[in-house]
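Before any comments, here is the structure.
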Amino acid sequence: MSRRMMLAGNWKMNKTISEAINLAVRLKYSCNSVNDRDIVLCPPYTSLKPVAETVKDSSIEVGAQNMHHQLSGPYTGEVSPEMITDAGADWVIIGHSERRQHFSEDNQLLHEKLATAAREEIKVIFCVGETEQQRDEGKVAEVLTSQLKETLSGLDHPDFVELVIAYEPVWAIGTGNTATPEQANQAHQLLRQVLADIFTAEIAGQIRILYGGSVKPHNAAQLLGQSDIDGALVGGASLAADDFTAIVKFDTEENISIVDF
Ligand code: 13P
């Protein structure tokens, strides 16, 4: 089963509008020869529309980092599914560990968000991953299984326009402590098995599973060369055009030349 490689940049709470446009312009040119892999940029809400407009005549797609599970209403400070698609987002990241940790998003809420994204036809990058303590206690399989089962059960895979899973071990995010390619691939294989239990083996074989957690230009090729790693969700290294371009082009000989704007 060959799955198309996907490289997504999660800019988190970084970049003003002008900085976001500048980065998007640079990536549009540096990645314009890439047509065999998907590229998704996930800026903060305020830059969704400017970034979507910047890349609209390229193959780069845009995603939001979160959304509310209700369609509208008295939810001060929240952003609805329609608002993000109206701003040009095709994708949404759901369940990032920073949202689980700092904003108390639990599996029940994430199930609602996944159901809403499916109904509203928004493509999903759904994040899972264990903490360092959970890994030390030997609970990786248990944690990853419950993160998928408690959120995806009751949803049919065909309900989604597209469902991508991102395995992001919490201990590897922003720490420079990347999972080894073997550790990551093992987790991906486990996730694929759980997806087969929830859906079918055939569907599980089609679902892309990205790795996230300190992916950098120097470690991308090794990680992305693993059998069950279908791409990367990149944080810090997605904020610099040359680093993200190098990750996008991880195994090509092409010289990386960044146009200066
Ligand atoms: P880093 O690449 O900065 O470790 O962040 C990973 C991440 O959280 C992407 O969603």
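The values are calculated or read from the model by the stated rules, or taken from the named source; none is laboratory data. The model shown is predicted, which means the values in this text are computed figures rather than measured ones. Using ideal geometry, Cβ is built from the backbone for each residue, glycine included, and neighbour counts are taken over all protein chains shown. Protein only, heavy atoms only, side chains kept; ligands, DNA and RNA dropped before computing areas. Shrake-Rupley method; radii C 1.70, N 1.55, O 1.52, S 1.80 Å.
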- Could we say that ASP197 is within 15 Å of the ligand (Cβ to nearest atom), at pLDDT 95 or above, among the acidic types (Asp, Glu) and in contact with a helix residue (DSSP H, G or I) (Cβ under 9 Å, 6 or more places away or on another chain) here? no
- Task: Out of the residues in the range 155-178 that are of a type in the set (A, V, I, L, M) and assigned to a loop (DSSP other than H, G, I, E, B), state the one that is most open to solvent (accessible area, probe 1.4 Å).
- Result: VAL161
- Residues of the range 15-43 being under 19 Å from the mean Cα position of the chain (by Cα), over 21 Å from TYR211 (Cα atoms) and part of a loop (DSSP other than H, G, I, E, B), which ones? LYS15
- Query: Looking at the range 109-144, which of its residues are buried (at least 22 other Cβ atoms within 10 Å of the Cβ) and over 20 Å from GLU61 (Cα atoms)?
  - Reply: LEU110, LYS113, VAL128, GLY129, GLU130, LEU144
- Item | So ILE21, is it crowded, with 17+ Cβ neighbours inside 10 Å and either under 18 Å from PHE126 (Cα atoms) or out of contact with any Gly (no Cβ under 9 Å at 6 or more places or on another chain) (or both) | yes
- Kindly indicate the residue of the range 229-247 that is surrounded by 20 or more Cβ atoms within 10 Å (Cβ to Cβ), in contact (Cβ under 8 Å) with a residue 60 or more places away in the chain and outside any helix (DSSP H, G or I) and also nearest to the ligand (Cβ to nearest atom) among those meeting that condition. GLY235
- Task: Given the conditions (1) at pLDDT 95 or above; (2) under 16 Å from MET6 (Cβ atoms); (3) open to solvent by 20 Å² or more (accessible area, probe 1.4 Å); (4) not aromatic (Phe, Trp, Tyr), report the number of the one that ASN35 does not fulfil.
- Result: (1)
- In this structure, is LEU152 open to solvent by less than 10 Å² (accessible area, probe 1.4 Å) and at pLDDT 95 or above? yes
- Query: Do you know which residues across the range 210-228 are more than 9 Å from the ligand (Cβ to nearest atom), over 16 Å from LEU41 (Cα atoms) and buried (at least 23 other Cβ atoms within 10 Å of the Cβ)?
  - Reply: ALA220, LEU223
- Starting from residues that are open to solvent by less than 70 Å² (accessible area, probe 1.4 Å) and in a helix (DSSP H, G or I), keep the ones in the range 89-108 and report whichever is nearest to ASP230 (Cα to Cα). SER97
- Message: Testing LYS12 on (1) open to solvent by 60 Å² or more (accessible area, probe 1.4 Å); (2) of a type outside the set (Val, Ile, Thr); (3) modelled with pLDDT of 95 or more, one condition comes back false. Which one is that?
- Response: (1)
- Message: So, in the range 44-65, exactly how many residues are part of a loop (DSSP other than H, G, I, E, B) and in contact (Cβ under 8 Å) with a residue 40 or more places away in the chain?
- Response: 1
